[in-house]
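First the structure, in the form of structure tokens, and then the observations on it.
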Amino acid sequence: MSDLLLFRARFTDYSFRRHAHDGYAIGVIEEGEERFFHRGAAHAVVPGQVVTINPGEVHDGEPGTRDGFRYRMMYPSEELITEILGGAGFPGTPVRFPSATVDDPPWTHEFIRFHRAIERTDGLCELWVRQRLSALLGPFFARWGQSPGPAATEPGNERAVRRAAEYIRANAAGGVLLRDAAAVAELSQYHFLRTFTKVLGVSPHAYRMLRCVELARASILRGLPLARASLDAGFADQSHCTRWFRAVYGVAPGSFRRACVEEQFRSR
């Protein structure tokens, strides 16, 4: 089930580098407090609240207190959410969360139950997982998400930056030259550097490396050796990949793989 990733961890003194995910990032704090940057503002989330980050949104994370925090995360792909919401008759996709956090203690309880069920059970039936996902995520997106309204006019510089961001994502593994990315945006190189960072919250170089991390993550979870996954994703070598991976996820790639709940389903 490559369209869903579950992850659990505890952090006491680690700060995440600003990064973004291909799909949604939905999480629950079980203990402590996490603080993070999102859409130009600082946020804090405590037990009972849900973190709701849309695809491509830049954010970071750090403990809010000396005791750190323990959390469970879910990373569903856009395709999976579109499929679930389409089956539920949701009017219009893609759906986006207007807020970085929501207060929904009853749903938090159900989320943790689902997370633990997959973590503790071997060979779960895919049918059961799909049904539970639909029952869990369908009402949550209906309650807290928003369908796209009439297309808003985006400032020219933002449109330019997003064109360039798509170009960087598509070419991250092979390397990206500043002059080429700036040309896609139709901006001078230095204007492009300033504008890109202002719009997305990270530099073009960091954005490219964060995309490389996502590519490496996918390969590692498919079982590729780390050295091969690192080179295929565009890193200079394995240690280069590990440094960036740890900055984004707080753990080394091997530890991340073990901390993820691996979906190994069989028919019953």
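Tell me whether region 181-233 comes out rounded, prolate or oblate; compute the Cα gyration tensor, take square roots of the eigenvalues as a ≥ b ≥ c, and use a/c under 1.5 as the rounded threshold. Walk me through the intermediate numbers first.
Working: a/c = 4.15, a/b = 2.92, b/c = 1.42.
Note, shape of region 181-233 comes out prolate.
Note the full-extension length gain between His205 and Asp3 as 0.36 nm times their separation in residues minus their Cα-Cα distance, in nm to one decimal.
Working: separation 202, 0.36 × 202 = 72.72 nm, distance 2.69 nm.
Once the chain is fully extended between His205 and Asp3, it gains 70.0 nm.
Is the shape of region 106-227 rounded, prolate or oblate, going by the alpha carbon gyration tensor and its root eigenvalues a ≥ b ≥ c, with a/c under 1.5 for rounded and a/b larger than b/c for prolate? List each step's numbers first, then the result.
Numbers: a/c = 3.41, a/b = 1.65, b/c = 2.07.
In terms of gyration-tensor shape, oblate.
With a probe of 1.4 Å, find how much accessible area region 10-77 has per residue, and write the answer as a whole number in Å². It would help to have the intermediate numbers written out before the result.
Working: 2650 Å² over 68 residues.
Each residue of region 10-77 exposes 39 Å² on average to a 1.4 Å probe.
Could you grab the relative contact order for region 1-89? Cα pairs under 8 Å, six or more apart, rounded to a whole percent.
43
Only Lys, Arg, Asp and Glu count, each charged at its Cβ (+1, +1, -1, -1), so figure out the dipole size of the chain about its Cα centre, rounded to 20 debye. Write out the running numbers ahead of the final one.
Values: 34 positive and 30 negative charges, 85 e Å.
That gives the chain a dipole magnitude of about 400 debye.
In the Gaussian network model of the chain, springs joining C-alpha atoms below 10 Å, which of Ser203, Ser230, Ser188 carries the largest mean-square fluctuation?
Of the options given, Ser188 has the highest mean-square fluctuation.
Name the residue from Gly156, Val95, Gly254 whose Cα lies farthest towards the positive end of the charge dipole of the chain, charges +1 on Cβ of Lys and Arg and -1 on Cβ of Asp and Glu.
Comparing the listed Cα positions along the dipole, Gly254 ranks first.
Grab the DSSP H runs of the chain that are 4 residues or longer, score each as -39,500 (n - 2.57), total them, divide by all residues and round the 222 nm result to the nearest 500 deg cm²/dmol. Don't skip to the answer; put the middle values down first.
Values: 10 runs with 126 residues, N = 268.
Helix contribution divided over all residues of the chain: -15000 deg cm²/dmol.
Work out, step by step, the length gained on full extension between Thr197 and Arg113: first 0.36 nm times the residue separation, then minus their alpha carbon distance; give nm to one decimal.
That works out to 26.3 nm of additional length.
Please name whichever of Gly23, Gln238, Val45 sits farthest to the positive end of the charge dipole of the chain, dipole taken about the Cα centre and charges placed at Cβ: Lys and Arg +1, Asp and Glu -1.
Of the options given, the answer is Gln238.
Compare the Cα positions of Thr65, Ala135, Thr108 along the charge dipole of region 23-141 (+1 at Cβ of Lys, Arg; -1 at Cβ of Asp, Glu; about the Cα centre) and return the one farthest towards the positive end.
The Cα lying farthest towards the positive end belongs to Ala135.
Quick one: dipole size for region 145-265, taken about the Cα centre, charges +1 on Lys/Arg Cβ and -1 on Asp/Glu Cβ, in debye to the nearest 20.
The dipole of region 145-265 has a size of about 240 debye.
Whenever you get a sec, compute what percent of the accessible area on the chain sits on carbon and sulfur atoms (1.4 Å probe).
Values: 6490 of 13120 Å².
That share works out to 50 percent.
Let me have the relative contact order for the chain, percent, based on Cα pairs under 8 Å that are six or more residues apart.
On the way: 432 pairs, mean separation 56.5, N = 268.
Relative contact order here is 21 percent.
Amide H to amide H under 5 Å from Gln49: which residues, 5+ apart in sequence or cross-chain, H placed 1.01 Å off N in plane?
Residues meeting the amide H criterion: Ile29.
Given a 10 angstrom Cα cut-off, can you work out which residue in Tyr249, Tyr190, Tyr14 is the most mobile in a GNM of the chain?
Sorting by GNM fluctuation, first place goes to Tyr190.
The values are calculated or read from the model by the stated rules, or taken from the named source; none is laboratory data. Keep in mind that what you see is a predicted model, and the values were worked out from it rather than measured. Backbone-built Cβ (ideal geometry, glycine too); neighbour counts: all protein chains shown. Accessible surface areas use protein heavy atoms only, side chains included; no ligands, DNA or RNA. Shrake-Rupley method; radii C 1.70, N 1.55, O 1.52, S 1.80 Å.
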